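Report on the following structure.
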Amino acid sequence: MKILIADAFDASLPKRLAAFGEVFEDMGRLGEADVLLVRSKTKVTREVVDGAPKLKLVIRGGVGTDNIDKEACKAKGIEVRNTPQASSVAVAELAMALMLAIPNRLVESHNSMKEGKWLKKELKRTELFEKTLGLLGIGLIGTEVAKRARAFGMKVIAYDPFVLNHDFAQLKPSMDDVLKEADYLSIHTPLTDQTRGMLNKAAFAKMREGVIIINTSRGKVMVEEDLAEALRSGKVRAYGTDVWASDPPDPSSPLLSAPNVLMTPHIGASSKENLLRIGDIVVEILEKRK
Ligand code: NAD
């Protein structure tokens, strides 16, 4: 078996996979690969599939498979697997980190001190305690966020059309019910035809004045121009995001110049521990095919 590792996994993975055959990391050898391992950087397009005549299995180390042309794979009999259960804690911790950093003014505090300023009076903080957190999507990651938010004394509400009851959140019958009550809104849906662009001008109009939005799901659930406008007007007080319409964002993205945006470069799943867990699942998948 020939295994092509196209993206960044834990450094121990090539050695672990050597038990299954030859492992290489050169995309130029795509044509030889039986198995292709990707995270989010490599897009498995129809062209990639056409350039890999021996390919039998694509493993996406991560949750979504929206970077893989599944129809093209299906047409060639190529199996597509992912590692959905591995990343929940890693992404939930980043969502909490963004949710804590904004009201605690961590970035402004740090940057101002680096500049020799002492803004003790100016940098007013607010607390998460007793605030309402609205979750859109309460699957694996949303659930981990709900547990952590409750430990901070937040009231957690959620909208998820496919979840009927939940131990850690009060479920609401519609997205609008969540939008109108949330002080913090955290997005944990996949990117689908229903969720693409779901946070637009009309949605922002329904939200509380000064809502803080955290996005660790997919950049395309947002209409960037509408969000930038809502940030400029103060309707949305701040946006903490790990995800972008493209990786990296286009330099013309209005969010790069909008006020009160806290950004990370799609590192939600990139904890050391998670990369090891993903590696374990990749090994398991290959073991079962032996
Ligand atoms: P999951 O499938 O366990 O949960 C997603 C939930 O969203 C499901 O319960 C589903 O019913 C719900 N949902 C679907 N459509 C919805 C809608 N229109 N409105 C509200 N809810 C809806 O997936 P997960 O593991 O929790 O991951 C969620 C998303 O997080 C992934 O699809 C992926 O896009 C993103 N993600 C990002 C990173 C990162 O690095 N930032 C890493 C992993 C996953």
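The values are calculated or read from the model by the stated rules, or taken from the named source; none is laboratory data. Nothing here was measured: the structure is a model prediction, and the numbers come from that model. Cβ sites come from the backbone with ideal geometry, for glycine too, and all protein chains shown count toward neighbours. All accessible areas refer to the heavy atoms of the entire protein, side chains included, with ligands and DNA or RNA removed. Shrake-Rupley method; radii C 1.70, N 1.55, O 1.52, S 1.80 Å.
Go through the range 141-176 and give me each residue that's under 15 Å from Ser88 (Cα atoms) and surrounded by fewer than 18 Cβ atoms within 10 Å (Cβ to Cβ).
The one that is under 15 Å from Ser88 (Cα atoms) and surrounded by fewer than 18 Cβ atoms within 10 Å (Cβ to Cβ): Lys147.
For the range 4-28, enumerate the residues that are over 29 Å from Thr216 (Cβ atoms) and either surrounded by 13 or more Cβ atoms within 10 Å (Cβ to Cβ) or under 27 Å from the mean Cα position of the chain (by Cα) (or both). Give the derivation first.
Residues of the range 4-28 that are over 29 Å from Thr216 (Cβ atoms), as a first pass: 15, 18-24, 26, 28.
Hits for the range 4-28 are Phe20, Glu22, Val23, Phe24, Asp26.
Given the residues Arg237, Arg148, which is the only one that is assigned by TED's automatic domain parsing to the domain that holds Ala92, over 30 Å from Thr42 (Cβ atoms) and either in contact with a Pro (Cβ under 7 Å, 6 or more places away or on another chain) or part of a strand (DSSP E or B) (or both)?
On the way: Arg148 fails: either in contact with a Pro (Cβ under 7 Å, 6 or more places away or on another chain) or part of a strand (DSSP E or B) (or both).
Selected residue: Arg237, the only one of Arg237, Arg148 that is assigned by TED's automatic domain parsing to the domain that holds Ala92, over 30 Å from Thr42 (Cβ atoms) and either in contact with a Pro (Cβ under 7 Å, 6 or more places away or on another chain) or part of a strand (DSSP E or B) (or both).
Looking at (1) part of a strand (DSSP E or B); (2) surrounded by fewer than 18 Cβ atoms within 10 Å (Cβ to Cβ), which is the only condition Glu287 fails?
(1)
Pull out all pairs, ordered by first then second residue, where Cβ-Cβ is under 8 Å, the residues are six or more apart or on different chains, the first lies in the range 7-19 and is free of Cβ contacts under 8 Å to residues at least 24 places away in the same chain and in the same structural domain as Asp280 (by TED's automatic domain parsing), and the second is of a type outside the set (A, V, I, L, M, F, W, C) and open to solvent by 20 Å² or more (accessible area, probe 1.4 Å).
Pro14/Glu25
Here's a check for you: in the range 232-252, which residue that is under 21 Å from Asn67 (Cα atoms) and open to solvent by less than 10 Å² (accessible area, probe 1.4 Å) is farthest from the ligand (Cβ to nearest atom)?
That would be Thr241.
Only one residue in Ile278, Ile267 is assigned to a loop (DSSP other than H, G, I, E, B), within 16 Å of the ligand (Cβ to nearest atom) and closer than 25 Å to Ile138 by Cα, so which one is that? Show your work before the answer.
Details: Ile278 fails: assigned to a loop (DSSP other than H, G, I, E, B).
Going through Ile278, Ile267 in turn, the sole match is Ile267.
Please determine, by comparing only the residues of the range 85-96 that are open to solvent by 50 Å² or more (accessible area, probe 1.4 Å) and not β-branched (Val, Ile, Thr), which one is farthest from the ligand (Cβ to nearest atom). Let's see the steps before the verdict.
The initial filter retains those residues of the range 85-96 that are open to solvent by 50 Å² or more (accessible area, probe 1.4 Å), namely 85, 89, 93.
Filter once more, keeping what is not β-branched (Val, Ile, Thr): 85, 93.
Working: Gln85: 8, Glu93: 11 Å.
Among them, the one singled out is Glu93.
Quick one: would you say Val49 is under 21 Å from Arg196 (Cα atoms) and either open to solvent by less than 20 Å² (accessible area, probe 1.4 Å) or in the same structural domain as Thr216 (by TED's automatic domain parsing) (or both)?
Details: under 21 Å from Arg196 (Cα atoms): no; either open to solvent by less than 20 Å² (accessible area, probe 1.4 Å) or in the same structural domain as Thr216 (by TED's automatic domain parsing) (or both): yes.
So Val49 does not fit the description; no.
For the range 148-203, which residues satisfy the criterion of being out of contact with any helix residue (DSSP H, G or I) (no Cβ under 9 Å at 6 or more places or on another chain) and among the hydroxyl-bearing types (Ser, Thr, Tyr)?
Ser174, Thr192, listed by residue number.
Just checking, how many residues over the range 229-244 are of a type in the set (Gly, Ala, Ser) and closer than 17 Å to Ser186 by Cα?
Keep residues of the range 229-244 that are of a type in the set (Gly, Ala, Ser), which gives 230, 233-234, 238, 240.
Next, from what is left, pick out any that are closer than 17 Å to Ser186 by Cα: 230, 238, 240.
Within the range 229-244, residues that are of a type in the set (Gly, Ala, Ser) and closer than 17 Å to Ser186 by Cα number 3.
Of all residues in the range 78-95, which are part of a loop (DSSP other than H, G, I, E, B) and in contact with a Gly (Cβ under 7 Å, 6 or more places away or on another chain)? Steps first, please.
Taking the range 78-95 as the starting set, the residues that turn out to be part of a loop (DSSP other than H, G, I, E, B) are 78, 83-87.
Across the range 78-95, the qualifying residues are Thr83, Ser87.
If you check Lys74, Lys124, which single one turns out to be within 30 Å of Leu30 (Cβ to Cβ), more than 13 Å from the ligand (Cβ to nearest atom) and open to solvent by 20 Å² or more (accessible area, probe 1.4 Å)? Write out each step before concluding.
Details: Lys124 fails: within 30 Å of Leu30 (Cβ to Cβ).
Exactly one of Lys74, Lys124 is within 30 Å of Leu30 (Cβ to Cβ), more than 13 Å from the ligand (Cβ to nearest atom) and open to solvent by 20 Å² or more (accessible area, probe 1.4 Å), namely Lys74.
Is it true that some residue in the range 259-279 is on the phi > 0 side of the Ramachandran plot and open to solvent by less than 80 Å² (accessible area, probe 1.4 Å)?
Within the range 259-279, the first condition is being on the phi > 0 side of the Ramachandran plot, and the residues that meet it are 260, 266.
Filter once more, so that each one left must be open to solvent by less than 80 Å² (accessible area, probe 1.4 Å): 266.
Checked against the condition, which is being on the phi > 0 side of the Ramachandran plot and open to solvent by less than 80 Å² (accessible area, probe 1.4 Å), the range 259-279 yields at least one hit.
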